[in-house]
Number of protein chains: 2
Amino acid sequence: MTFPQPMPFFPAAANFAAGNDTPRQFLERCLSHVEKFEPAVGAFVCHDIAAARAAADRSAARWRDGRPFSPIDGMPLGIKDIIETADMPTEQGSPLFAGCRTGRDAASVAAFSCGMIPAALGTQVVGSILRPASFCGCVGFKPSVGRINRGGSYDYFSQSCTGVLAASLEDAWLVAVNITARAGGDPGYPGLQGPAEPPPPRRPRALAVLRTSGWEEAAPKARAAFEAAVARLADAGIALADRHADPVIEEVEEAIADAAPLTRSINAWEGRWPLNTYRDRDATKLSRSALERLAMAEAMSLTEYGAAITVRQHNRETHARLTARYDAAITLAAPGAAPVGLGSTGNPVFNVPASMLGIPAVSLPLLSIDGLPLGLQIAGFVGEDAALFAVAAAIRDLQGAAA
Amino acid sequence: MTFPQPMPFFPAAANFAAGNDTPRQFLERCLSHVEKFEPAVGAFVCHDIAAARAAADRSAARWRDGRPFSPIDGMPLGIKDIIETADMPTEQGSPLFAGCRTGRDAASVAAFSCGMIPAALGTQVVGSILRPASFCGCVGFKPSVGRINRGGSYDYFSQSCTGVLAASLEDAWLVAVNITARAGGDPGYPGLQGPAEPPPPRRPRALAVLRTSGWEEAAPKARAAFEAAVARLADAGIALADRHADPVIEEVEEAIADAAPLTRSINAWEGRWPLNTYRDRDATKLSRSALERLAMAEAMSLTEYGAAITVRQHNRETHARLTARYDAAITLAAPGAAPVGLGSTGNPVFNVPASMLGIPAVSLPLLSIDGLPLGLQIAGFVGEDAALFAVAAAIRDLQGAAA
């Protein structure tokens, strides 16, 4: 079965204003894909197509009147099942919460309407935005930590971010910046900083090439695809350096080498509550991995957690030293193409460093292995999400020109 | 009607171990107070006395066997109505959530059992721990921001803390430190730092005396009571300085002068979500003040919020300069005694600076006006909660000796 490319909303919206297309027609094109592929994919816990059509018609009327709510008015949007919505259950993927309705919209949803492609809201604590984006051939955006309001998402981890999967960098930016203009960032954070329009491409002066501790686990064809992309950037005259060329990059590689076990400890402690109260309620409804995480947490002390977040802070300061010399870092978004079947969601080894560091990162669908998509990951600096988008757009254009 | 002094748990627990008293007998003494005063006070949304008695009996058995869960095993505890409990509804003081049961315990409750004095868990964004403690003649403790896990509390404000109202400093410390040993702090924070036992009194070398922008609003008798306390500390040989004696204190007084409007702006933006989704659901169930806060928030931009938290951070850095010269700062905990009737919960002007600064503060029931209690507030430095308790215990002992 060959899946279609996701449809960007940003270019279509230009036609809504001109009267050559409507949000309802855009939705119907999405629905024809959903009808064809959902039986095989099983992506949606629930959807309400009649409500989506009515919402798209109301949006069409606003565009026709020249008064859309925002540049993404009418964009169909998927919402991860741990994020509250007023009109759909929030089940957190768990039988403990079957049919649970909270009756309110999460901060990132109030801004929007219904539930389908071309964009989706997700959350990433380890790698749950960038990895699926890599596997699905779409753009994934994990913002700087705290920059998109997580209110109403059942996810309290200190590394967790609400982020976006979208058909294009432009759509991803518009979704993210329109959420934060209305709902802000997490309390105490300034929210996503940047322009209301997608940042235009800006050619990077220099890029750090990270091969990370995931490199050894990556498929030979994934490594080859990455090296080809690096070679195309070098051919285009972009300055590139790796751990062998720059001792600061070597220090960063060392600081992120243990990102996975460090993140595991931090998440275990932070999940101690509420997992302990769920276990006391009905342990048979917790997965074996949740029970294992809880056991790990209950063997930890507050002092050990404090030591772990101190190490994390030190790693963040080490990484920030790249700012002086590089516009961004590039690496793979996954060690290979999507695994076959439902037994595994894939290895997050290339995603956990950005989560641990709290930095913004995007996955771009620029690589492939035997026809299956593979993401090129571009990671920026805390708070500099807009600059990351500008550099990522330039890299996309350079790769596209060379391909 | 004369209310009883709250009963400290810490000295009673020594008798549990010796077999001269039991948690059940302690509970019955509390219940005799509840029976007598609750009809006039109306403090409890709900309680389950049979379950409390059964829990006290189980605790008594553990003490008898020499195996209590913690030094506060069996302590009856009140839980503020915005904090989730597995076995009671969580109504947030609002008809929108009448009968709402979430089926899980909040992070700060899992550690405990049932619901009554001598200690209570509360939350403070502006002044909702220290002010009622002052009015009620008990000890109030607002910890450093982030140091007691707020998970399960319906309160996402960046200044909000879960804190403790208790019969004594020792009880307040034991409740707080036992919660954090089990549930930690907010994700990303190291949690409350300090010993498992109450910190012993430590005589301060020097104290900063803050009269704050609330001073002009304080009742003359409140000011006189405060000045008498200051004089007793001076007589005891403690070095004291105020804004006239030290330009650093003058800068701090200026940094906290606008704490109330700054906090109002920050809280308005941070409450934009979820208030907007509640309004969209049923605006008639929001209070007028909630609708006013929402209107204020919707007139703000993300940029204005960013500017407000930048000012707050600057104020925090200014306050931290006191660390070099003073062990703590003292001020009033309220501008007067409790207001009569249910029309007002009192003026938080003396409490909002500690909330805005994110610093730990306690209110001690050492002052009075015409026989009504008034709190002396002692404020410390971020993360130094245990040092604050040691200094506060010494100040309590000095005041008691002089009184």
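Here is how the numbers come out for the structure above:
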| read-out | value |
| --- | --- |
| Residues satisfying the stated conditions in region B:166-182, i.e. open to solvent by less than 10 Å² (accessible area, probe 1.4 Å) and over 12 Å from A:THR303 (Cα atoms) | B:ALA166, B:LEU169, B:ASP171, B:ALA172, B:TRP173, B:LEU174, B:VAL175, B:ALA176, B:ILE179 |
| Selection from region B:126-165 of residues that are of a type in the set (A, V, I, L, M) and within 10 Å of chain A (Cβ to nearest Cβ) | B:VAL145 |
| Residue check for A:VAL177: out of contact with any Asp or Glu (no Cβ under 8 Å at 6 or more places or on another chain), facing chain B (nearest Cβ under 10 Å) and hydrophobic (A, V, I, L, M, F, W, C) | yes |
| Every residue from region B:20-57 that is modelled with pLDDT under 85 and not in a helix (DSSP H, G or I) | B:GLY42, B:ALA43, B:PHE44, B:VAL45, B:CYS46, B:HIS47, B:ASP48 |
| Residue count for region B:372-400, restricted to those that are in contact with a helix residue (DSSP H, G or I) (Cβ under 9 Å, 6 or more places away or on another chain) and either assigned to a helix (DSSP H, G or I) or among the acidic types (Asp, Glu) (or both) | 10 |
| Residues that are under 19 Å from A:ASN351 (Cα atoms), surrounded by fewer than 20 Cβ atoms within 10 Å (Cβ to Cβ) and within 11 Å of chain B (Cβ to nearest Cβ), drawn from region A:260-284 | none |
| Test: residue in region B:232-254 that is modelled with pLDDT of 95 or more and within 14 Å of chain A (Cβ to nearest Cβ) | no |
| Residue in region B:201-216 that is within 14 Å of chain A (Cβ to nearest Cβ), open to solvent by 20 Å² or more (accessible area, probe 1.4 Å) and assigned to a loop (DSSP other than H, G, I, E, B) present | no |
| Candidate set from region B:287-332 (those that are at pLDDT below 95 and open to solvent by less than 20 Å² (accessible area, probe 1.4 Å)); member that is farthest from the other protein chains (Cβ to nearest Cβ) | B:ALA290 |
| Residues located in region A:184-200, provided they are touching a residue at least 40 places away in the same chain (Cβ under 8 Å) and either open to solvent by 10 Å² or more (accessible area, probe 1.4 Å) or more than 14 Å from every other protein chain (Cβ to nearest Cβ) (or both) | A:ASP186, A:GLY188, A:TYR189, A:PRO190, A:GLN193, A:GLY194, A:PRO195, A:ALA196, A:GLU197, A:PRO198, A:PRO199, A:PRO200 |
| Residues satisfying the stated conditions in region B:237-259, i.e. open to solvent by less than 30 Å² (accessible area, probe 1.4 Å) and touching a Lys or Arg at 6+ places or on another chain (Cβ under 6 Å) | B:VAL248, B:ILE249, B:GLU253 |
| Condition check for A:ALA338: in a helix (DSSP H, G or I), away from chain B (no Cβ under 14 Å), closer than 28 Å to A:ALA392 by Cα and open to solvent by 10 Å² or more (accessible area, probe 1.4 Å) | no |
| A:GLU170 being outside any helix (DSSP H, G or I) and touching a Pro at 6+ places or on another chain (Cβ under 9 Å) | no |
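The values are calculated or read from the model by the stated rules, or taken from the named source; none is laboratory data. From a predicted model like this one, the values you see are computed outputs, not experimental measurements. Glycine also receives a Cβ, built like all others from the backbone with ideal geometry; neighbour counts cover every protein chain displayed. Calculation scope for accessible area: heavy atoms of the full protein, side chains included, ligands and nucleic acids excluded. Shrake-Rupley method; radii C 1.70, N 1.55, O 1.52, S 1.80 Å.
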